1. Could you please give the count of residues in the stretch 156-170 that are without any contact (Cβ under 8 Å) to a residue 12 or more places away in the chain and closer than 15 Å to ARG225 by Cβ?
2. Any idea which of (1) surrounded by 18 or more Cβ atoms within 10 Å (Cβ to Cβ); (2) at pLDDT 85 or above is the one CYS31 doesn't satisfy?
3. Tell me, which residue of the stretch 152-204 that is of a type in the set (D, E, K, R) and assigned to a helix (DSSP H, G or I) is surrounded by the fewest Cβ atoms within 10 Å (Cβ to Cβ)?
4. With respect to SER250, is the statement that it is small (Gly, Ala, Ser), buried (at least 20 other Cβ atoms within 10 Å of the Cβ) and outside the structural domain of ASP110 (by TED's automatic domain parsing) true?
5. Please pick out the residue among LEU278, LEU265, LEU208, LEU197 that is over 30 Å from ASP156 (Cβ atoms) and aliphatic (A, V, I, L, M).
6. Please go through the stretch 218-231 and give me each residue that is part of a strand (DSSP E or B) and surrounded by fewer than 21 Cβ atoms within 10 Å (Cβ to Cβ), ordered by number.
7. One residue is enough: does the stretch 233-241 have a residue meeting the conditions more than 22 Å from the chain's Cα centre (by Cα) and of a type in the set (Lys, Arg)?
Amino acid sequence: MHSIDYPPASRSIQTLTLTEKLLKIGRNTPCAADVHSGSICPCLGWKPKKDKKDIKDRADLCQCNHRVSLHGESQLTSDEAFKARLEIAMEIDTILESKNKLLDFDYEDDELLNLRRKLVAVGENSSNSKKRKLNDERENGPNARKTKIDEFTIPDKPAMIEERQGIIKKEILTNDGKSSKNLVLLTGLKNLIKIQLPNMPPEYITRLVYDNRHYSLTFVKDGNRVVGGITYRLFPDNQLAEIVFCVVSSTEQAKGYGSHLMNHLKDHLKDKEGIKHLMTYADNHAMGFFKKNGFTTDITLDRSLWMSFIKDYDEATIMQCTMIEKVEYLKLHETLARQRKAIRDKIAERRKNTPRYQGLDIFKNGAESGWNEEMEARARGNKKSIRNIMANITSELKKNPKSWPFRNAVSHDEVPDYYNVIKNPMDLSKIEKKVESNCYKSIDDYISDIKTIFSNCRLYNAEGTIYVKCAAGLEKYFIERLKFYDVPFTGSKK
């Protein structure tokens, strides 16, 4: 086989050969081949080889030199999962063909990225269970490997592998007025920020990126193409750094670039600049990313150290990250793996020394309780689903633009008499913590707390103020969300 034609989207599944089906799935799934012990090939999707130097090269070989069957681990996927993945792959091809991009194997956009994540997620459990079975056979059979990959180690993300292989390079930039290379890369970063943050004024982005008091830690590809970066400002006397911008190119997302940039920044600031704290203002879309990277909305840093120093943004939430001096963040996954292993070993050691007793035989002929496993599962599932609904509604309320006055507790310093008037203060952050801690015994208790936010607002603020208008708009949205989730409620505002 020396040539292969990629099938058009109009072809039905029934007319496709197995190889053509694998091509459609493989272009959307990462390669699973081992490149060396413990590391997976960084290729994120099958692409045809542009030049075949050897006439014997297979036509289904990817640019990474691995066969298409290794993209998506088709040999480990169940028939049902394979069929489901193929249907999503066909949907992706239809979109690509409508944009005249079917044969452009480098093209990506947000819609395609979401579908590809969905495709990769299909059948993951089935694939993992089969993979474990194959690994058990290899490890316990006569041809068992001499070394085993530590089961507690988290696989390296593509960003880490690409940096090791020299595909991306870290650069710390500032407009020092001396280096033309710095200006070229800063211009690339500025343009990337404009694309990724379209609501941010271009003049504001330009002013901060080129300001010599600001620094930018970037990832650069092909020598001069900026694919991600974090712009920050140092306040050494306060041991504080402010993160101003954090962006990754849309064509490079889902590779772990953002977290890898953040880990580089933490190690650099902690070890080279003597910085202990990071602060930033995050909008609703960015809060999830910052939370995953150790940021919190619970601000413990003294206000005198950051108030009037860092830039304030409307409809954004201030977040803080206090770095741990002894942690090397670029090796955090290795540290966590060692901790997991130590805990598991300790548990296993204690189990060995735990005495075991035989059960009592006096109750062998006991009567049935009338409660069975199905009823237990139903009860637990119902409780879990209610909690999920509360968590979803709270998250949606916090994302609503009208929720900005109610996301956090009212500051006593800014409004000294507030707590003299309001005896039962309530805010969305407090409710979110109560949901996470499973404090609500029923959905009615949750609704009561949400309504308390609105009643407190109307009690303290005069009718017609921006706060009361926000409360009315958010309450209307809250009732809509209750209806959407089919949650029973009584009445509206009093």
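The values are calculated or read from the model by the stated rules, or taken from the named source; none is laboratory data. This is a predicted model, so every value here is computed, not measured. Virtual Cβ from ideal backbone geometry, glycine too; neighbours counted across all protein chains shown.
1. 1
2. Tallying (1) surrounded by 18 or more Cβ atoms within 10 Å (Cβ to Cβ); (2) at pLDDT 85 or above, CYS31 fails exactly one: (2).
3. The residue in question is GLU203.
4. In short, no.
5. LEU208
6. Within the stretch 218-231, VAL220, LYS221, ARG225 meet the criteria.
7. yes
A quick yes/no check of all residues on (1) modelled with pLDDT under 95; (2) assigned by TED's automatic domain parsing to the domain that holds TYR257; (3) of a type in the set (Phe, Trp, Tyr); (4) out of contact with any strand residue (DSSP E or B) (no Cβ under 7 Å at 6 or more places or on another chain):
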position	(1), (2), (3), (4)
ALA144	yes, no, no, yes
ARG164	yes, yes, no, yes
THR174	yes, yes, no, no
LYS178	yes, yes, no, yes
ASN182	yes, yes, no, no
LEU189	no, yes, no, no
PRO198	yes, yes, no, yes
PRO202	yes, yes, no, yes
TYR210	no, yes, yes, yes
